[in-house]
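Computed from the coordinates by the stated procedures, all read-outs in this text should not be read as laboratory data. Predicted, not measured: the structure shown is a model, and the values here were computed from it. Please note: Cβ atoms are built from the backbone with ideal geometry, for glycine as well, and neighbour counts cover all protein chains shown.
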Amino acid sequence: MSQTANGRRQLLAVAVAAPLLLIVIAVVLRFIVLPADAGTSAREPLPREVTSQEKSVLRTAEQYLLRDCMRRHGFVYRPATGSIPAKPEFLYVINDVAWARAHGYGTDIDRAIARLKEEDPNQRYFQSLPEERRREALAAANGSRMDLTVTTPDGARVSRSSEGCQAESERTLYGDLDTWFRARSTMDALPVMASQQVLSDARFTAKVRAWAVCMRAAGHPYASPSDLRKHTAAQKPALSASQERTLAVAEARCAGTSGLARTADALDEKYMGQLRRSHWTLAVAERRLRLAALPRARAILAANPTALPSATASPGAHSAASSSRTP
């Protein structure tokens, strides 16, 4: 074989091998530079969610931090450490017969919450202050400028202050206030977005029709749980406690037998999972910050041995809210 032929074959081998080598390099580089959020398997695992009791510990610790900060500014703040019965949030339909039998639609709990607000010593103290001192108290609690802003997945613009005792208490617990605010605001927006998707899902509406058939057979001709709420809210005089419980129990039973409760739960989990995956980094951050805050919160409670984890968050220090939300 001639040297020329050998040379041509060598050149051909190089010409064929070069693109293959580039392909191999590209594949290797792709896996090297692949961002963590590009695939589910490469993502940081989602930490566990804090329990209801742990949420109470965090809320109560925040209350004590708020008290100490307001005291340094020359104001009185009494932590909310009492507890009231928890009121579950039934987004789609009441699905707990035992709860419905005990509370109906929860107006007994609503009344208890209203009484607590009326008797709130912080609101009484705030109302007793001269007008100028009220302004100073609000600034001390909530800050004087709304310098943190985030646009949530539903398009709303949420703002709050990085100053004031509320911000200080959250910064002490969670460390990174900016990340905590962005993560919490984002996660708080997801349940409503998921519920909108559930309500428009054909599988949900089919089960609502089955629920309505069940309710009609029980003597309650309502087209949907929301239709039932509208009618009962507008009813004059209001339902008695006994009537309320009877209606709520019928709603819960039909939610079970029609399959509405099961379908609503499954669809809610599906759409919440999709939304969470779309905002994975902040979902991880929100849970991680809560879990990391627990040891600090427990230390604060240990330093305040009379503290009892509260079942509900008290109103903001001398204020209706410490952040604003614009659609």
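Run the quick spin-label model on ARG209 and VAL97: label points 7 Å from Cα toward the beta carbon, then report their separation in nm to one decimal.
Spacing of the two 7 Å Cα→Cβ label points: 2.6 nm.
Name the shape class, rounded, prolate or oblate, that the alpha-carbon gyration tensor gives for segment 206-311, where a ≥ b ≥ c are the square roots of its eigenvalues, rounded holds for a/c under 1.5, and otherwise prolate holds if a/b is larger than b/c and oblate otherwise.
Oblate is the answer for segment 206-311, as a/c is 1.5 or above yet b/c matches or exceeds a/b.
Which of the trypsin sites (Lys or Arg not before Pro) across segment 110-160 are loop residues per DSSP, with 13 or fewer other Cβ within 10 Å?
Sites meeting the loop and neighbour criteria: ARG145.
Which ³J(HN,Hα) values in Hz, rounded to whole numbers, follow from the phi angles of segment 282-298 under the Karplus curve 6.51 cos²θ - 1.76 cosθ + 1.60, where θ = phi - 60° and Gly and Pro get x?
6, 4, 5, 4, 4, 5, 5, 5, 4, 5, 5, 6, 4, x, 5, 5, 5
Classify segment 117-217 from the C-alpha gyration tensor, please: rounded if a/c falls under 1.5, else prolate or oblate depending on whether a/b exceeds b/c.
Oblate, because a/c is 1.5 or more while a/b does not exceed b/c.
Let me know the shape class of segment 52-326, please: from the alpha-carbon gyration tensor, a ≥ b ≥ c as square roots of the eigenvalues, rounded when a/c is under 1.5, otherwise prolate if a/b is greater than b/c, or oblate.
Taking the square roots of the gyration eigenvalues as a ≥ b ≥ c, segment 52-326 is prolate.
Tell me the label-point distance for the pair ALA223, HIS73, using the 7 Å Cα-to-Cβ offset, in nm and rounded to one decimal.
Output for this residue pair reads 4.9 nm.
Listing TYR64, TYR125, TYR92 from the residue with the fewest other Cβ atoms within 10 Å to the one with the most, what is the order?
Ascending Cβ contact count within 10 Å gives the list TYR125, TYR64, TYR92.
Do the alpha carbons of any pairs in LYS55/LYS270; LYS236/LYS270; LYS117/LYS207; LYS55/LYS236; LYS87/LYS207; LYS207/LYS230 sit beyond 29 Å of each other, and which pairs?
Correct reply: LYS236/LYS270; LYS117/LYS207; LYS55/LYS236.
Take SER200, SER162 and order them by how many other Cβ atoms sit within 10 Å, fewest up front.
SER200, SER162
Tell me the GluC sites (Glu not before Pro) within segment 66-171 that lie in a loop according to DSSP and have at most 12 other beta-carbon atoms within 10 Å.
Filter output for segment 66-171: GLU89, GLU119.
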